[in-house]
Amino acid sequence: MQNSGMNFNYSASSPVKILVVDDYPNAAALLARSLARLDSSVEVVSATSALQALKCVEDGAPHILITDMDMPEMTGLELIEKLQEHPAGSRIVSVLFTASHAPELETRARHLNVREVLHKPVHPEKVCQIVNQVLEEMDRELT
């Protein structure tokens, strides 16, 4: 699933903020480290719950959200929905990873403009590839 025609809230002078959310701290840290190596203009923040992620957003919405689906307190899709209520929320590029293969999950994700739904196990290289594509699109939009 891919959403095109995004209108990014990004300028060349500010870093691209990526928020990684996974209730398994080691998984969140591994993915965050992998993403931080992509580009010097990337700022990666990780959270181990949806509620912690919402607190991270108080300092400013991320450009890219990468979240697990099944977490306590709130699902990844509920988090995406909440973030879309943020003033810059409609421009957040979302990537969801899940162990579920339920068709209704894909339908709901599409409705929320989720860029990609990845099925576990998710390798950091795949996520980095998707983020690289988004970064390239953001660069093209600036020119």
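Of the residues that sit in segment 130-143 and are in a helix (DSSP H, G or I) and more than 16 Å from the chain's Cα centre (by Cα), which one is modelled with the lowest pLDDT?
Restricting attention to segment 130-143, the residues satisfying the condition of being in a helix (DSSP H, G or I) are 130-142.
Then drop every residue that is not more than 16 Å from the chain's Cα centre (by Cα), which leaves 139-142.
Numbers: D139: 86, R140: 88, E141: 84, L142: 79.
Top of the filtered list is L142.
Just checking, how many residues over segment 108-119 are surrounded by fewer than 14 Cβ atoms within 10 Å (Cβ to Cβ) and within 19 Å of A28 (Cβ to Cβ)?
Going through segment 108-119 one residue at a time, the tally reaches 1.
Which one of these is under 20 Å from A28 (Cβ atoms), touching a residue at least 12 places away in the same chain (Cβ under 8 Å) and under 13 Å from the mean Cα position of the chain (by Cα): V127, V122?
V127
Give the residue that is farthest from L35 (Cα to Cα), with candidates limited to residues of segment 107-119 that are free of Cβ contacts under 8 Å to residues at least 24 places away in the same chain and touching a strand residue (DSSP E or B) at 6+ places or on another chain (Cβ under 8 Å). Break it down into steps so the answer makes sense when it comes.
Step one: of segment 107-119, the residues free of Cβ contacts under 8 Å to residues at least 24 places away in the same chain are 107, 111, 118-119.
Checking the rest, the ones that are also touching a strand residue (DSSP E or B) at 6+ places or on another chain (Cβ under 8 Å) come to 118-119.
On the way: L118: 16, H119: 18 Å.
Among residues in segment 107-119 that are free of Cβ contacts under 8 Å to residues at least 24 places away in the same chain and touching a strand residue (DSSP E or B) at 6+ places or on another chain (Cβ under 8 Å), the one farthest from L35 (Cα to Cα) is H119.
So if I check each of E81, E58, E104, which one is in contact (Cβ under 8 Å) with a residue 24 or more places away in the chain and surrounded by fewer than 23 Cβ atoms within 10 Å (Cβ to Cβ)?
None of the other options fit; the residue is E81.
What's the total number of residues in segment 52-84 that are more than 16 Å from L118 (Cα to Cα) and β-branched (V, I, T)?
1
The values are calculated or read from the model by the stated rules, or taken from the named source; none is laboratory data. Keep in mind it's a predicted model, so treat the numbers as computed, not measured. Don't worry about glycine lacking a Cβ; one is built from the backbone with ideal geometry, like all the others, and counts go over all protein chains shown.
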